[in-house]
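First comes the structure, then the notes that go with it.
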Amino acid sequence: MAHRAGAPARGQHRRRIAVSAEAMMTPACRPCRRRMIQVLATAALALGAWGFAPQAGASDEAAFAAAYNAAAEARKAVRKAGFEWRDLRTLLRESKKLGEKGEYEKAVELANQVQRQAELGLMQAAEQESAWETAVLK
Amino acid sequence: MRAALIALLGAGLVLGLGVARGAPEDDRKAFQDFYTERFPDTPFEDFANGLYSIDENRREEWEQMEEFPQYEFDIDAGEELFHEPFANGKGYADCFPDYESGVRQNYPHWDPGRAEVVTMELAINLCREQHGEKPLKYYRGPLAQISAYLAYLSRGNVIDVKVPADDPRALAAYEEGKRHYYSRRGQLNFSCASCHVDAVGRLLRAELVGPALGQVSHFPVFRKTWREITTLHRSYAACSRQLRAASFGPQSREYRNLEFFHTYMSNGIPLNGPGSRH
C-alpha cells in the first residue's frame, strides 16, 4: 500500500500522541484524531457506566445504621432473657467492621441475620417459660 | 375469729414450707431413680465415675489413664498454693479450718448473709478478698489447682448439699438452677437434660453421653482435650457453646444456681475428684 505524502510512517502516530497533543490536531494526523476519538469515547463510556453503577451513598449508610441498631437492640433483649445464641456477638462485630469499611450490603445482611437469630432466641425463651417443666423427671 | 385466722395462716405457712421442703427431695429421688433404673447393673456409688460407670470399654481406657493421672501435678501445686501465706500472714486454712478432713462435700451451699449460692471456687476467692488478696481467674490455673487439692482431701466424703427450707430465697435459687437444667437453649434447641437424661448412654456423633448423676463428683478435672485442670463452670460454658448458645460467665448467678441444683441431684454420691477426662 502506497504511503500518502505528509502522513506519518507506520507506527509513527503512536509516538506523536505521546509527544505532542497539538500535533494530533493537525489535518495531517488523521489516525491520531481517530485514536483521540476512541480514547474520548472510551472515557465517556466509562464515566457513564460509573454514573449508573450503584454507589454507596448516604442512604446505604443510613440503611446499615438502622439494621445494625435494630440488631444490637434485639441482641440486648435476648441476652437479658438469658437465651442468646452463640454467634450473635461475633456476627454483630463482623457487621460493624464491614459497615466501617463501607461494605454496606454485606454488613446489612449480617445485621439482619443477628436480628433474626435474636428473635428466634426470644421465641425460644417464651416457649421455654412453661415447656421446661414437661421435661422434669418425676 | 382472730384465733381462727392465726391458725389458718399458721397452717398455710406449715403447708407451704412442707411443699417447699418436699420439692427438692422429690426431685432428687425421681432423678436418682431414673438413672438406677436405666442402668440397673451400675452400683449407686459407682455413678461417681460418670461415663465410665456405664461403659466397660471406656472404663478400661480411663483406668489406664488413672494409673498415671496428669492431675497429680496440679494437686501438688494446689497444696503448695494453699499453704502459701497471704500478705497479712493469714492463709486459706483460716477460711477452711476443716480442710484436712474435706470440705468440698458441702459446696455449693446457700449463704444467707450474701443471699446467694457459694461454690467451692467462689469461696476460695472470697477468702482471698477477705484477706486483701486479688481474686484468681476461675477457669484454670492456680484456682483450679487449689480446688483440686481440696477435692483430693475430700475424696470419699459423700455429697451433702442442703437447700434450707426456712429460706425461700434458697429455694428460689434451687428452682432457677433446675429451670436452667431443663430449658432448651441455643440454635440446636437442646437443654442439659436433652443430652444427659434423654440421650444418656447413647452416641451423639462419636460421643457417648454420660449420666448427670455423679457428674459433679470428680471436678475439677484434667481434660485431655484442654491439656489442663479445669473447673466445672468451664465445662458448663463448653456445653453451652456446643448447643450454640451463648455461655454465661464463670461463677455467674446462672451457673452457680445450676451447680446448686446439679449437685443436689447427686447427694449421697461419694466425691472422687479431681478426675481425668477426655
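No lab work stands behind these numbers, since they all come straight from the coordinates. Since the structure is predicted, the reported quantities are computational estimates derived from the model, not experimental observations. Quick reminder, even Gly has a Cβ in these numbers, built from the backbone with ideal geometry, and neighbours come from all protein chains shown.
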Free-by-geometry Cys in chain B, Cβ-Cβ under 4.7 Å as pairing rule, reported as B:C192, B:C195, B:C239
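Relative to the Cα centre, what is the charge dipole magnitude of chain B, using +1 at the beta carbon of each Lys and Arg, -1 at the beta carbon of each Asp and Glu, and rounding to the nearest 20 debye? Show your work: numbers first, answer last.
On the way: 32 positive and 39 negative charges, 274 e Å.
Dipole magnitude for chain B comes out near 1320 debye.
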Listed by chain and number, the lysines with an alpha carbon less than 29 angstrom from that of A:K97, same-chain partners under 8 positions apart left out, are A:K76, A:K80, A:K106
Using amide H atoms built 1.01 Å from N in the peptide plane, name the residues 5+ places from B:S276, or on other chains, whose amide H lies under 5 Å from its own.
-> B:F222
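Rounded, prolate or oblate: which one fits chain B, using the alpha carbon gyration tensor with axes a ≥ b ≥ c (rounded when a/c is under 1.5, else prolate when a/b beats b/c, else oblate)? Each step should come with its number before you reach the end.
Values: a/c = 1.78, a/b = 1.17, b/c = 1.52.
In terms of gyration-tensor shape, oblate.
Is there a simple number for the mean count of other chain Cβ atoms within 10 Å of the Cβ of residues in B:230-237, and what is it? Mind dumping the intermediate values first?
Numbers: counts 0, 0, 0, 0, 0, 0, 0, 0.
What the average comes to for B:230-237 is 0.
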Could you tell me the distance between the Cα centroids of region B:187-262 and region A:75-138, to the nearest Å?
-> 22 Å
Residue-ordered couplings for region B:200-209, obtained by feeding phi - 60° into the Karplus form 6.51 cos²θ - 1.76 cosθ + 1.60 and rounding to whole Hz (Gly and Pro as x), are 4, x, 10, 8, 10, 6, 9, 9, 8, 8
Once amide H atoms are placed 1.01 Å from N in the peptide plane, what residues at a sequence separation of 5 or more from B:A246, or on another chain, have their amide H within under 5 Å of its amide H?
-> A:E84, A:W85, A:R86
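Checking understanding here: applying a Kyte-Doolittle mean of at least -0.5 and a length along the axis of at least 18 Å (C-alpha), which whole DSSP H helices in chain B pass? Each step should come with its number before you reach the end.
Numbers: long enough: B:2-38 (53 Å, 0.15); B:168-182 (21 Å, -1.32).
Span-like helices in chain B: B:2-38.
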Label region B:174-278 by shape, choosing from rounded, prolate and oblate, from the square roots a ≥ b ≥ c of the eigenvalues of the Cα gyration tensor; if a/c is under 1.5 it is rounded, and otherwise prolate applies when a/b is larger than b/c, oblate when it is not.
-> rounded
Calculate the length of the line joining the C-alpha centroid of region B:139-179 to that of region B:22-69, in whole Å.
-> 19 Å
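Pairs B:K137/B:K224; B:K134/B:K224; B:K29/B:K162: which are spaced more than 18 Å apart, C-alpha to C-alpha? Let's see the in-between values first.
Working: B:K137/B:K224 20 Å; B:K134/B:K224 29 Å; B:K29/B:K162 14 Å.
Where the Cα-Cα span goes over 18 Å, the pairs concerned are B:K137/B:K224; B:K134/B:K224.
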A student applying the Cα gyration tensor rule (rounded when a/c is under 1.5; otherwise prolate if a/b is larger than b/c, oblate if not) would label region A:54-126 prolate
